[in-house]
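What follows is a short report on a single structure.
The values are calculated or read from the model by the stated rules, or taken from the named source; none is laboratory data. These figures come from a predicted structure and were not determined experimentally. Please note: Cβ atoms are built from the backbone with ideal geometry, for glycine as well, and neighbour counts cover all protein chains shown. Heavy atoms of the whole protein, side chains included, go into the accessibility calculation; ligands, DNA and RNA do not. Shrake-Rupley method; radii C 1.70, N 1.55, O 1.52, S 1.80 Å.
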Amino acid sequence: MTQDNVRVNPSWERVDEHLLKQFRGHSVANLGDALDRLNIVDGGIVPIWSGARAVGTALPVLTVAGDNKAVIAALEHIRPGDILVINAFGYDGRAIIGDNLAQRFAVHGAAGAVVDGYVRDAAIIERLGVPVFARGLTPAGPFKNGPGTIGEAVAIGGVVVNPGDIVAADGDGVIVIPPHRAEEALAAVEEIVAREAALDAEVEALRNAAGR
């Protein structure tokens, strides 16, 4: 299979693992509040298995609807900590990835995948523990003709994702954090966590006072 119709951006900056580690301690909901409730991918993209969580650096891929040639080509460009962010045009007629590609993502060090489209083999992917987020499931396999792009900006769920952006995903959904806002987001989310802890303590005090 040739890759002559898959365009590749040769390089981009990835954030340090130390920075990603700080984001892993926070929920997408709190990170969304920290970013003024912007940059949140629409609620149609959800984890395909309960408990899936991922934080990493965006490796964007643009595909033709129902075709995963560019996704396969992207295997050569994965670096540890990347999250493949795949614009598959939300197409529900073909699965863009299945268990074999999910395994290969993990072998190459990817932290997971976010697909604006459909996937398959959910039960196997869950057993493998690979975090995958998508619009839904279909057993129908993809075509492999292209064209596509790797490492260029894509749009998923109403949010533009640039290569190297920070992507966080959990049971509530997906958020995209531009690197230049990372420190701001971390400072804001710490304040939000502290405020929520104070509110939880207040509720607990009320519960104790009521003898419940």
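May I ask for the equivalent-ellipsoid semi-axes of region 5-126, computed as the square root of five times each C-alpha gyration tensor eigenvalue and listed largest first in whole Å? Provide the component values of the computation, followed by the final result.
Values: eigenvalues 100, 64, 44 Å².
So the three semi-axes of region 5-126 are 22, 18, 15 Å.
The long axis of helix 182-209 is offset from the longest Cα principal axis of the chain by roughly 40 degrees.
Annotation for region 166-203 versus region 74-97: alpha-carbon center distance of 26 Å. A 1.4 Å probe run over the protein chains yields, for the chain, 47 Å² of accessible area per residue, whole-number rounding.
Couplings 3J(HN,Hα) for region 86-94, derived from phi with the Karplus relation 6.51 cos²θ - 1.76 cosθ + 1.60 (θ = phi - 60°), are 10, 8, 10, 6, x, 5, 9, x, 9 Hz, where x marks Gly and Pro. Taken about its Cα centre, region 157-212 carries a charge dipole of roughly 160 debye when the Cβ of each Lys and Arg holds +1 and the Cβ of each Asp and Glu holds -1.
The simple spin-label model puts a point 7 Å past each Cα toward its Cβ; for residue 12 and residue 209 those points are separated by 5.1 nm. Once Rg and the Kirkwood radius are both taken over the C-alpha atoms of the chain, their ratio Rg/Rh works out to 1.04.
Round to the nearest 0.05 the FRET efficiency obtained for residue 202 and residue 22 when R0 = 30 Å and r is the Cβ-Cβ distance.
0.65
Taking the Cα centre of the chain as origin and charging only Cβ (+1 Lys, Arg; -1 Asp, Glu), how large is the dipole, in debye to the nearest 20?
660
Each other residue within a Cβ distance under 12 Å of residue 17 adds +1 if Lys or Arg and -1 if Asp or Glu, for a net charge of +2.
If a spin label sat at a point 7 angstrom from the Cα of residue 172 along the line to its beta carbon, the backbone N atoms of region 9-49 nearer than 11 Å would be those of 26-35, 37.
Between 72, 108, 208, the Cα set farthest toward the positive side of the dipole of the chain (charges on each charged residue's Cβ, about the Cα centre) is that of 72. For region 103-194, the Cα-based Rg and Dmax, in that order, read 15.5, 50 Å.
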